Amino acid sequence: MPIDNDEARQAARARLQARRQRSAANGANPSRDPHRADAQVGSPSARSRWADTGNARAAGSDTHTSNSQGTARRAGERRIAESGRGTRHAARSATGASTASRARNAAKARGGTQPSQASPYERLGQMLPDSVPPIFAIALVAAIVFTFVLTMIVPNCSRAENARSATAESQQDETTGTAQATQSAADNFEVNASDPRQAKLVELLGEDTTRKLLVKAMGNPDVMWIAAHVDDYAFNGLEAQYKAMKLAADEDAAVPFVRSYPTAYPQATPSAENPDGDALPSGSPASDVPETNIPHLYQWDSRWGNTAFANTALGLSGAGPTCLAMVQRGLTDSGETTPYDLAKTVQDAQNAVEDKRGMKADYLFDGASSLGLECIELYPSYNTILEYLLTDHVIILVSETGAFESWECYCVLTGLTGNNKVIMNDPASMERSSKLWDIDELAAAAKTMYAYSRP
């Protein structure tokens with residue numbers, strides 16, 4: 001219907017102006033409103049459409065504005081929501097990474113196990129901080145163990161060795177002290193020349209040996225009996241009496257033989273065991289004297305000492321047969337040969353025995369082949385002793401009268417030590433067998449020597 005009056009036109013213009021203002025406020029982006037874009041370029045068709053649809057737009061402008069605002073609000077909410085989800089996802093990712101890192105660190109702190117396929121070196125590296133190389137840790141542990149060994153085990157070993165040395169020294173000191181005390185007592189002992197028995201001993205043995213025998217008698221009932229019965233040893237001649245009494249004074253191990261000699265001689269056959277029940281001497285009598293393949297035998301061993309040889313007791317005159325028994329047993333298969341067996345062989349040989357004195361030295365060479373031995377007679381000298389002992393020979397040395405005793409003595413030189421000291425088996429003296437000898441000393445003491453070897 002046409003607008004005829006001014007009041008109606010004024011109202012229409014006011015509504016148009018209000019729509020234009022609302023349209024300007026809502027249509028800032030022309031790409032969202034094609035009608036607004038056309039209006040801006042000012043085309044006639046746009047103005048015509050605007051005019052024709054003015055009432056409709058005016059009527060629906062409120063709805064359109066509300067819809068546009070709702071759409072924008074929902075779009076913004078979606079962006080905020082998406083932004084929130086992304087933030088939460090990033091936070092969860094960061095939290096997960098931090099948790100995994102903390103788990104790995106905790107596993108390292110606990111020494112947690114790694115996959116079984118990892119080598120020990122790799123597992124060690126996983127347990128250590130990144131700044132510590134595994135090889136450094138291994139070297140440190142090795143250094144600690146080495147230090148422990150040096151500070152604990154080695155000193156303990158040294159202390160144990162020192163304790164053993166101290167014990168050995170104490171025992172040696174005790175032995176030395178006992179010997180010194182005995183010697184001191186013998187030196188201070190006063191022989192009573194007015195006592196008939198002591199006077200007989202001095203006449204037979206001399207004052208020094210008598211003093212030694214009487215001092216030993218103070219602590220040994222058997223020696224006391226021997227000293228008190230000197231006349232009982234005169235039945236087989238003065239020489240046998242002297243040897244028996246001196247043997248009791250010099251050799252502790254020979255005392256049982258000397259004590260039994262007046263009643264047990266002559267013993268028909270040797271006994272299988274020591275009749276006195278004492279431990280029989282065997283091997284080297286001193287710990288610092290090395291063992292050799294030559295056995296150590298003594299002529300006064302109670303198993304055969306009281307058997308007869310050279311019209312006296314084997315224990316007093318049997319040095320020669322005892323030396324041959326040692327050599328034969330050591331160099332041949334005659335492991336059961338005894339001094340008694342050799343004494344019978346020598347006794348049966350022609351012109352091989354000197355009455356009351358024992359075997360002649362010549363039989364050491366003459367009887368060697370019948371005993372299964374090869375023998376060479378030697379001139380006594382340093383070089384001779386050294387040469388034959390170095391070539392695995394065994395030497396029987398015959399001493400000069402007075403070198404060891406007041407009669408000729410026989411002894412076996414069985415070998416050398418590393419510093420060329422001689423090992424000697426003396427069949428009559430445990431004391432002389434308990435020391436190592438200088439070659440020069442033995443060469444000077446020797447009257448003659450015989451070297452033996454296997455055939």
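The values are calculated or read from the model by the stated rules, or taken from the named source; none is laboratory data. These numbers come from a predicted model, not from an experiment. Cβ placement follows ideal geometry from the backbone for every residue including glycine, while neighbour counts extend to all protein chains displayed. These area figures cover heavy atoms from the full protein model, side chains too; ligands, DNA and RNA do not enter into them. Shrake-Rupley method; radii C 1.70, N 1.55, O 1.52, S 1.80 Å.
Classify the stretch 307-451 from the C-alpha gyration tensor, please: rounded if a/c falls under 1.5, else prolate or oblate depending on whether a/b exceeds b/c. Taking the square roots of the gyration eigenvalues as a ≥ b ≥ c, the stretch 307-451 is prolate. Relative to one another, the C-alpha centroids of the stretch 190-269 and the stretch 388-455 are positioned 28 Å apart. Between TYR265 and any residue 5 or more places off or on another chain, the built amide H atoms are never under 5 Å apart. Phi angles of the stretch 330-338 translate, via the Karplus equation with coefficients 6.51, -1.76, 1.60 and θ = phi - 60°, into HN-Hα couplings of x, 9, 10, 8, 7, x, 9, 5, 10 Hz per residue; Gly and Pro are given as x. Counting charges near MET430 (Lys, Arg +1; Asp, Glu -1) among other residues having Cβ under 10 Å from its Cβ returns a value of -4. What the phi angles of the stretch 12-21 give under the Karplus curve with 6.51, -1.76 and 1.60, with θ = phi - 60°, is a coupling list of 5, 4, 4, 5, 5, 4, 5, 5, 4, 5 Hz, glycine and proline written as x. Here's how it looks for PHE309: its modeled amide H is under 5 Å from those of LEU314, which are all 5 or more places away or on a different chain. Normalised by 2.2 N^0.38 Å, with N the number of residues, the alpha-carbon radius of gyration of the stretch 332-379 equals 1.19. Sequentially through the stretch 305-315, phi angles give Karplus couplings (6.51, -1.76, 1.60; θ = phi - 60°) of x, 9, 6, 8, 7, 6, 6, 8, 7, 4, x Hz, Gly and Pro residues having no value and appearing as x.
Using a probe radius of 1.4 angstrom, the carbon and sulfur fraction of the accessible surface of the stretch 309-455 is 43%.
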